[in-house]
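Here the structure comes first, spelled out in structure tokens, and everything after it is commentary.
The values are calculated or read from the model by the stated rules, or taken from the named source; none is laboratory data. Quick caveat, the model's predicted, so the values are computed rather than measured. Glycine also receives a Cβ, built like all others from the backbone with ideal geometry; neighbour counts cover every protein chain displayed. In case anyone asks, the SASA skips ligands and DNA or RNA and just uses the protein heavy atoms, side chains included. Shrake-Rupley method; radii C 1.70, N 1.55, O 1.52, S 1.80 Å.
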Amino acid sequence: MSEKTKKITLVSLILMIFTSTFGFANTTVAYDQMGYGSIIWYVVAALLFFLPSSLMFAEYGAAFKDAKGGIYSWLKESVGEKIAFIGTFIWLSAWIVWMVSTASKVWIPLSSLLFGADKTQSWGVMGLSSTEVIGLLGIAWILLVTIFASHGMDKIAEVANVGGTFVMILSGLFIVLSIVVWIGNKGAIAEPIHASSFITSPNPSFQSPIAIISFVVYAIFAYGGLESMSGVIDSLDKPEKTFPMGCVISMVLITVLYSLMILMWGISTNWHSVLGGHEVNLGNISYILMNNLGIQMGNALGTSHSTALLIGNILTRFTGLSMFLAYCGSFFVVIYSPIKSFIMGSNPELWPERLTKLNEHGIPANAMQLQAIVVCVIIFLVAFGGNAAQKFYQILTNMANVTTSAPYLFLVGAFPAFKKRQDIERPFEIYKNRFWTNLIVIVVWLVLALGILFTCLQPILEHDYQTAFWTIFGPVFFGGVAWIFYDVDVSHHRHQNNK
């Protein structure tokens, strides 16, 4: 295969961005937590975070189109290597925690595809509990994805394209069927819209001002992942044009889709009758809502009850297929891009030579294998460690809540320093006025900081001090580890050079 055919096109990039950034489940979670009230926060997050930050990432990516280190290179060239090392390490740590947690969730859509419902809690075999079986499946999943992703960027792009395509198909199918239900019910909707619907939540857990404001972190997380594309810029066709265009197109489509889809869930789903029960959780909510959509469509079209149930079952299975393929695409991108950005962007003297070595496909396979071992060990400890391990897993999840958002503080905060450099060619440039650039950076940075602050404050106000401690401890711990590692390694090399 020639080098030209291996290059990632604009369409492929957009599909990859959709796979890593857009989450169909984000719309169901938002509707569950805030109802129609989530729309305003998704729009606020888009205007005050996703729109300005994606344009910043587009400028970074176009200026450093040949850099193999992704966001590490962006930060290093803007504010120096030490800050780049710490910021990227926190970013990588967040994605490792994501892989640990998602390696078990990936089997829920597969179960929904095969059985029409989530049966993972009953997957005990050979004396092993369901938690242990899912843990072993998660380990096998991580190893399998690592092996396949090690065979080249074209393989990663192909899997991500399939995932992105099915997510778009699922989203389009949901929109079309919701319109069918709306027409069939002669314009009536399941969840009535009142003047207060867009500023209040039907969920009792999201009534306090602190809880509502902290929802902005959910919205920011829903838009997160675009920066992970930084690791594939050097594999793009005409990256100085393709990356900015892909960022802008994806940003517009994702923002519109999120708001539209949250609104349209109200056509088929009455919040209190469908989501008010205890059987609904954040792991199965997408399948419950799509099953309900199928039943409501059958009812709207006047079919028999058994036919309506069949339609609901078919939609549940298709949702399982689409979500499973989306997880596949996300894993292929996330298992490669963050570790590649961190290892390939940093000073090679900081690492053993084996970790920086590329295989015949141009992939840092050894570094990815080490990452896989770390993730698999954590999964094994969580699955087979009993109650103590489950508590450890909860701690990891709490640490990830803020750790996921913290790296954006580095990327956004470094942007003014990036703009001050006069020795960089800028094929794509939106931010040209220094005053407005700095003002926008301050606003975006404060939105992120306040969202993180309120997320940390909420458990304190609820007297859940353990959750509060680990939520705050996450980025502080990972940042501290990176700081110490960097200083010790640099001092060691300086000592070696002075001998």
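Kindly evaluate P416 against the criterion of being over 20 Å from G61 (Cα atoms), touching a residue at least 12 places away in the same chain (Cβ under 8 Å), assigned to a helix (DSSP H, G or I) and out of contact with any His (no Cβ under 7 Å at 6 or more places or on another chain). Walk me through it before giving the result.
Values: over 20 Å from G61 (Cα atoms): no; touching a residue at least 12 places away in the same chain (Cβ under 8 Å): yes; assigned to a helix (DSSP H, G or I): yes; out of contact with any His (no Cβ under 7 Å at 6 or more places or on another chain): yes.
Criteria not met by P416.
Checking S235 against (1) over 24 Å from G37 (Cα atoms); (2) open to solvent by 30 Å² or more (accessible area, probe 1.4 Å); (3) in contact (Cβ under 8 Å) with a residue 12 or more places away in the chain; (4) over 17 Å from the mean Cα position of the chain (by Cα), which test does it fail?
(2)
Assuming N359 fulfils every condition listed in (1) of a type outside the set (A, V, I, L, M, F, W, C); (2) in contact with a helix residue (DSSP H, G or I) (Cβ under 7 Å, 6 or more places away or on another chain); (3) not in a loop (DSSP other than H, G, I, E, B) apart from one, which condition is it?
The number of the failed condition is (3).
Mind listing whichever residues of the range 31-78 are of a type in the set (F, W, Y), farther than 27 Å from I424 by Cα and under 21 Å from the mean Cα position of the chain (by Cα)?
So the first thing to find is which residues in the range 31-78 are of a type in the set (F, W, Y), and the list is 31, 36, 41-42, 49-50, 57, 60, 64, 72, 74.
Restricting the remaining residues to those that are farther than 27 Å from I424 by Cα gives 31, 36, 41-42.
Correct list: Y31, W41, Y42.
Restricting the range 101-110 to residues that are open to solvent by less than 10 Å² (accessible area, probe 1.4 Å) and over 12 Å from the mean Cα position of the chain (by Cα), which is farthest from V377 (Cα to Cα)? If you could, list the steps in order and put the result at the bottom.
Start the filter on the range 101-110 by keeping residues that are open to solvent by less than 10 Å² (accessible area, probe 1.4 Å), which leaves 102-103, 106, 109.
Of the ones still in play, those that are also over 12 Å from the mean Cα position of the chain (by Cα) are 103, 106, 109.
Numbers: A103: 12, V106: 18, P109: 24 Å.
If we take residues in the range 101-110 being open to solvent by less than 10 Å² (accessible area, probe 1.4 Å) and over 12 Å from the mean Cα position of the chain (by Cα), then P109 is farthest from V377 (Cα to Cα).
Suppose we filter the range 421-444 for residues that are closer than 24 Å to P239 by Cβ, open to solvent by 70 Å² or more (accessible area, probe 1.4 Å) and of a type in the set (V, I, T); how many remain?
Counting residues in the range 421-444 that are closer than 24 Å to P239 by Cβ, open to solvent by 70 Å² or more (accessible area, probe 1.4 Å) and of a type in the set (V, I, T) gives 1.
Can you run down the residue pairs with Cβ atoms below 6 Å, 6 or more apart or on separate chains, where the first is in the range 460-476 and in contact (Cβ under 8 Å) with a residue 24 or more places away in the chain and more than 26 Å from W91 (Cβ to Cβ) and the partner is loosely packed, with under 13 Cβ neighbours inside 10 Å and hydroxyl-bearing (S, T, Y)?
Nothing qualifies.
How many residues does the range 142-154 contain that are open to solvent by 20 Å² or more (accessible area, probe 1.4 Å) and either in contact with a Cys (Cβ under 8 Å, 6 or more places away or on another chain) or at pLDDT 75 or above (or both)?
Going through the range 142-154 one residue at a time, the tally reaches 5.
Which residues, counting only those in the range 341-378, are under 24 Å from L136 (Cβ atoms), in contact with a Gly (Cβ under 9 Å, 6 or more places away or on another chain) and open to solvent by less than 10 Å² (accessible area, probe 1.4 Å)?
Filtering the range 341-378 for residues under 24 Å from L136 (Cβ atoms) gives 365, 368-378.
From what is left, the residues that are in contact with a Gly (Cβ under 9 Å, 6 or more places away or on another chain) are 375-376.
Passing the criteria: only V375.
For the range 308-317, check the following and say yes or no: at least one residue is closer than 30 Å to H151 by Cα and in a helix (DSSP H, G or I).
Narrowing the range 308-317 to residues closer than 30 Å to H151 by Cα: none.
Looking through the range 308-317, none of the residues is closer than 30 Å to H151 by Cα and in a helix (DSSP H, G or I).
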